[in-house]
1. Report the residue, chosen from Asp16, Asp42, Asp24, that carries the largest GNM mean-square fluctuation when the chain is represented by alpha-carbon nodes joined by springs under 10 Å.
2. Taking the Cα centre of the chain as the origin, how large is its charge dipole in debye, to the nearest 20, when only Lys and Arg (+1) and Asp and Glu (-1) carry charge on their Cβ atoms?
3. Take the Cα atoms of segment 1-64, build their convex hull, and give its volume per residue in Å³.
4. Name the GluC sites (Glu not before Pro) in the chain that are in a loop by DSSP and that have at most 16 other C-beta atoms within 10 Å, would you?
5. Note down the nm distance, to one decimal, between modelled labels 7 Å out along Cα→Cβ at Glu59 and at Ile23.
6. To make sure I understand the rule: partners must be aspartates and glutamates, Cα under 19 Å from the Cα of Lys4, and not fewer than 8 residues away in the same chain. Which ones qualify?
7. Between Glu9 and Lys30, what length comes free when the chain is fully extended (0.36 nm per residue of separation minus the Cα-Cα distance, one decimal in nm)?
8. Enumerate the aspartates and glutamates that Lys53 could reach by cross-link, defined here as Cα to Cα under 17 Å, with residues fewer than 8 away along the same chain left out.
Amino acid sequence: MTLKERLIEELSEVPDALIVKVIDFLHALKNQQLEDYEDIADAHAALATIETKGTISWEELKVEIGV
């Protein structure tokens, strides 16, 4: 039995009110996964920028942001 088949079997045994909660939870998991992928892509882009442009010192950053 596949995982999807197991899930369908489990869902067939619970009331609709619980299925609504399961659907909400599934949507939350999917959204979190999308956010994680976006964060990873942003991190890769930042690393690529560091490789091409380098970094600045803490002192330079403080001056740049006015701290």
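1. Asp16
2. Dipole size: approximately 40 debye.
3. So the per-residue Cα hull volume is 129 Å³.
4. Those satisfying the criteria are Glu13.
5. 6.0 nm
6. The reachable aspartates and glutamates, counting only those whose Cα sits under 19 Å from Lys4, are Glu13, Asp16, Asp24.
7. 5.4 nm
8. Asp42, Glu64
Coordinate-derived values only; no laboratory data. Here the structure is a predicted model, which means the values were calculated and not measured. Heads up, the Cβs are rebuilt from the backbone with ideal geometry, glycines too, and the neighbour counts pull from every protein chain shown.
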